Structures are given as structure tokens and as C-alpha cells.
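Before any comments, here is the structure.
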Amino acid sequence: MFSYRRKQRATLIPFIQVLSLVLVFALPVIWGARIYTSSPTRYDHVIVRQGDTVWSLVSAHAAAGSDVAEAAYNVAAVNHLAAGSQLHPGQVLLIPR
């Protein structure tokens, strides 16, 4: 008589299992990253004129009651200015709104 042998076929079960594991671990990471993102900071582009200092520029743009020293520190950090560095006329500084 005839002997019948089943052909070995690739099944989708291992693929589905691996895909399920990837989704179980990857989706919470992706969703969690979106929850904790901060809103983008908007900046005013200010062109430095002769005699301007970081302090004078920040105090002119600071909101009433805000800490000018902290704002000046933030402006120096954003613009990569070292302590005691000179501003040059025509230089563009980013000042957070």
C-alpha cells in the first residue's frame, strides 16, 4: 500500500509568538515615552548690539516677577556661553519666551 508522509511546512505560530513578545515589551516603552515628553521651548532670536550684555537682554525680555539671574543662566546655557565671555555686535542669541 501507499505510505503517506506529511510534508514539513513552515507554520506561522513561532512568528506570531515572537511578534507578540515584541509587542508586549515594546509598546509600553513607546507609549511611555510619549507621556513624558516636554513641550518644545520657543525662542526669540535677538541680535546683539554694541554694549549689550546677557543680563540686559534677559531683563528686557523677562516676564514681570521672574528671576532674571536664573533666566540669564538659562540663556547662557542654551547659547553655549562660558562665564565671562564677550558678546559681539551682530551675534544672534536665543532667549526663551
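Hey, any hits in segment 39-51 for a residue that's over 17 Å from Leu94 (Cβ atoms), at pLDDT 90 or above and not polar (S, T, N, Q)? Checked against the condition, which is being over 17 Å from Leu94 (Cβ atoms), at pLDDT 90 or above and not polar (S, T, N, Q), segment 39-51 yields at least one hit.
Selection of segment 83-94 for residues being aliphatic (A, V, I, L, M) and modelled with pLDDT under 90 yields only Ala83.
The values are calculated or read from the model by the stated rules, or taken from the named source; none is laboratory data. Keep in mind that what you see is a predicted model, and the values were worked out from it rather than measured. Glycine gets a Cβ as well: all are built from the backbone with ideal geometry, and neighbour counts include every protein chain shown.
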